[in-house]
1. Here are some conditions: (1) in contact with a helix residue (DSSP H, G or I) (Cβ under 6 Å, 6 or more places away or on another chain); (2) at pLDDT below 95; (3) farther than 25 Å from ASP135 by Cα; (4) open to solvent by less than 50 Å² (accessible area, probe 1.4 Å). TYR61 meets all but one. Which one does it not meet?
2. In region 58-83, which residue that is within 18 Å of the chain's Cα centre (by Cα) and not hydrophobic (A, V, I, L, M, F, W, C) is farthest from GLY162 (Cα to Cα)?
3. Looking at region 179-194, can you tell me whether even one residue there is buried (at least 18 other Cβ atoms within 10 Å of the Cβ) and among the aromatic types (Phe, Trp, Tyr)?
4. Within region 158-174, work out how many residues are under 11 Å from the mean Cα position of the chain (by Cα) and surrounded by fewer than 21 Cβ atoms within 10 Å (Cβ to Cβ).
5. Just give me the residues in region 19-50 being in contact with a Phe, Trp or Tyr (Cβ under 9 Å, 6 or more places away or on another chain), open to solvent by 30 Å² or more (accessible area, probe 1.4 Å) and more than 20 Å from ILE90 (Cβ to Cβ), in sequence order.
6. What residue, of PHE28, PHE58, is touching a residue at least 40 places away in the same chain (Cβ under 8 Å), part of a helix (DSSP H, G or I) and over 20 Å from TRP142 (Cα atoms)?
Amino acid sequence: MKADAAAPVIRSEVVRQLIERETKVQQFCGPALLKGPYDGFQSFPGFRYGQYGYENYFMAYALYPEVIEQDFALQADLAVQENTRAAQAILEGGLPRLIRLDHDMADSRGMLVDIKSLDRIWFPHFARSIQPLLDAGIRLIWHCDGNLMDMVPRLLECGLGGFQGFQYEDGMDYEKICRLKTRDGDGLFIIGGVSVTRTLPLGTPQQVRDELAWLVRHGPPVGLMLGVSSSIAPGVPWANMQALVEGLAYYRQRGRS
């Protein structure tokens, strides 16, 4: 009885802390920036290469898939609880109903594991882990690192509503993705940006402007945000940064015109 009585109190405290933390960050940022939920608001099964190393983990993945699936299942059990609290915090705190999910599952060549194996042992647990967020009407988008085109339709089937951070040079088909729909038939929410590994560091200011125009031209009719494809690294020519900032300001003020 004590444990049962304590559980709602613990959940309420976690929800309160999440709301308080997000509110403080938003107040620090001010009205010009919108802080979206991130840390503490996304939980789902992932590869444990960070704990065991790539070689060790993926050897175990290949040799003992039943053990790996059990791990995914346990991660999902915990994620359901954590995402339930996160959804409650977003609704009670009036926080933005948009979360970006991050987990690197591909490199420039393609998926780190056979996509068919993910169909068997990962996607079912991933889908149930994010359901509390979806049930609360929170849109989930996936951060794209590498070439994960094989995952795109499957993520949409699980209920995701968009994507962010495309590595076009690795085979991510931005134009095709932007034409896709959610499983409910709605348009996708897309955060597209100038490539930080190709165009921004190695291109010209005109190429930066051209890529922004391409993103706008082929993006979804609504639900497009512009930026950069990932973090901007040192060494980007100043003229390219100026072209980027000017281009973002142009589309912010004029839209698609």
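1. Among (1) in contact with a helix residue (DSSP H, G or I) (Cβ under 6 Å, 6 or more places away or on another chain); (2) at pLDDT below 95; (3) farther than 25 Å from ASP135 by Cα; (4) open to solvent by less than 50 Å² (accessible area, probe 1.4 Å), the lone unmet condition for TYR61 is (2).
2. Among those that are within 18 Å of the chain's Cα centre (by Cα) and not hydrophobic (A, V, I, L, M, F, W, C), it is GLU82.
3. Yes, region 179-194 contains at least one residue that is buried (at least 18 other Cβ atoms within 10 Å of the Cβ) and among the aromatic types (Phe, Trp, Tyr).
4. 1
5. ARG48, TYR49, GLY50
6. PHE58
The values are calculated or read from the model by the stated rules, or taken from the named source; none is laboratory data. Predicted model, so just to flag it, every value in this text is computed and none were measured. Cβ atoms come from the backbone with ideal geometry, glycine included; neighbour counts cover every protein chain shown. Heads up: the accessible areas ignore ligands, DNA and RNA and are worked out on the full protein's heavy atoms, side chains in. Shrake-Rupley method; radii C 1.70, N 1.55, O 1.52, S 1.80 Å.
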